[in-house]
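As structure tokens, the structure follows; a few thoughts come after it.
The values are calculated or read from the model by the stated rules, or taken from the named source; none is laboratory data. None of the values given here were measured: they were computed from a predicted structure. Heads up, the Cβs are rebuilt from the backbone with ideal geometry, glycines too, and the neighbour counts pull from every protein chain shown.
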Amino acid sequence: MMNFPLTQMPDRHQKPRTNGITMVMDKGLSIEEVKNFMSVSLPHIDVVKLGFGTSFVTPDLRKKIETYKSYGIPIYFGGTLFEAFVIRNQFDDYIAVCKDYGIDWIEVSDGSITIPHAEKCGYIEKLTRHGLVLSEVGSKDAAHIIPPYKWIELMRAELSAGSSYVIAEAREAGNVGIYRGSGEVREGLVQEILTQIPGERIIWEAPQKAQQLYFLELLGCNANLGNIAPTEVIPLEAMRIGLRGDTFHLYLDKQEA
């Protein structure tokens, strides 16, 4: 989608796309706000996550989900809700809830609770019968540092179990997992992961602008980015294609620039 003729633009994948995904985190938009949000950002959004357990307390949840779906946007519940069901031994109830609400993307995570990894992969396998599975790797506990070889091992096993994408954990604030407490990217970790796991199968949670910029410079305009705030979708899309100061020179022909 473009409003003016500009040359030297990067090859941004168009929707429906499987790479170059923008995953938005909705932490409580009203139905009217969803409509306003869609009116401006629809071409640039691939999937929306109803963050953590907000869907449990969201009024008119069914209507809200139907509103997103009327625009062709898939919705999924935050992984924290999955964990809340699992820790209460209500996994079958969770499947029933997803079916009841027409949720066909499902996140499996273990950021708040400890699940033996074989068991987590078992959940992934079971859920692939009910929808497209995303699985999140990395702990929400800043003190729990996972070494790179372990990230690779976990991601590889979860993709083998049937996950369509693995999500690299960062929390909504972008200060754990693949980031230091300051929000700075753990570059060695990211680059080591990418030697073994295909970039197009990873969604990098990147709520902060500097984090988004890092992945765009590293992987190009079609990096998969997640936990994007609704108000940041248009700015991110501009940054993806070199129309923001941070990425202005990324795609320009050096002779002409």
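Details
- Residue pairs meeting the criteria (Cβ under 6 Å; at least 6 apart or on separate chains; first hydroxyl-bearing (Ser, Thr, Tyr), in the range 136-160; second at pLDDT below 95): 139/111
- Screening the range 167-179 for residues that are assigned to a loop (DSSP other than H, G, I, E, B) and of a type in the set (A, V, I, L, M, F, W, C) and picking the one that is modelled with the highest pLDDT gives 178.
- Within the range 69-81, tally of residues that are over 23 Å from residue 171 (Cα atoms) and in contact with a helix residue (DSSP H, G or I) (Cβ under 6 Å, 6 or more places away or on another chain): 1
- Count - residues of the range 239-252 that are of a type in the set (Gly, Ala, Ser) and exposed (fewer than 15 other Cβ atoms within 10 Å of the Cβ): 1
- Of residues in the range 82-101 being closer than 24 Å to residue 138 by Cα and in contact with a helix residue (DSSP H, G or I) (Cβ under 7 Å, 6 or more places away or on another chain), the one surrounded by the fewest Cβ atoms within 10 Å (Cβ to Cβ): 91
- Among the residues of the range 102-123, the ones that are part of a strand (DSSP E or B), in contact (Cβ under 8 Å) with a residue 40 or more places away in the chain and touching a helix residue (DSSP H, G or I) at 6+ places or on another chain (Cβ under 6 Å) come to 2 in all.
- Candidates 164, 182, 160, 139 - the one that is under 16 Å from residue 108 (Cα atoms), at pLDDT below 95 and of a type outside the set (A, V, I, L, M, F, W, C): 139
- Whether a residue is at pLDDT 95 or above, over 20 Å from residue 2 (Cβ atoms), among the aliphatic types (A, V, I, L, M) and surrounded by fewer than 18 Cβ atoms within 10 Å (Cβ to Cβ) was assessed, and residue 218 passes this test.
- Residues (of a type in the set (D, E, K, R) and within 14 Å of the chain's Cα centre (by Cα)) located in the range 200-231: 200, 201, 205
- Residues in the range 7-36 that are touching a residue at least 60 places away in the same chain (Cβ under 8 Å) and among the β-branched types (Val, Ile, Thr) were compared, and the one that is surrounded by the fewest Cβ atoms within 10 Å (Cβ to Cβ) is 18.
- Selected residue [of a type in the set (Ser, Thr, Tyr) and within 30 Å of residue 243 (Cβ to Cβ)] from 80, 67: 67
- For the range 124-165, the candidate set comprises residues that are among the hydrophobic types (A, V, I, L, M, F, W, C) and in a loop (DSSP other than H, G, I, E, B); within that set, the residue that is surrounded by the most Cβ atoms within 10 Å (Cβ to Cβ) is 146.
- Qualifying residue in the range 173-182 (condition: surrounded by fewer than 17 Cβ atoms within 10 Å (Cβ to Cβ) and touching a Lys or Arg at 6+ places or on another chain (Cβ under 7 Å)): yes
- Every residue from the range 70-81 that is surrounded by 16 or more Cβ atoms within 10 Å (Cβ to Cβ) and either out of contact with any Phe, Trp or Tyr (no Cβ under 6 Å at 6 or more places or on another chain) or of a type in the set (S, T, N, Q) (or both): 73, 77, 79, 80, 81
- Annotation: of all residues in the range 183-212 being in a loop (DSSP other than H, G, I, E, B) and of a type in the set (D, E, K, R), the one that is surrounded by the most Cβ atoms within 10 Å (Cβ to Cβ) is 186.
- Cβ-Cβ contacts under 6 Å between residues 6 or more apart (or on different chains), taken from a first residue in the range 42-60 that is under 15 Å from residue 71 (Cβ atoms) and free of Cβ contacts under 8 Å to residues at least 60 places away in the same chain to a second residue that is of a type outside the set (A, V, I, L, M, F, W, C) and assigned to a loop (DSSP other than H, G, I, E, B), are listed as 42/71; 47/74.
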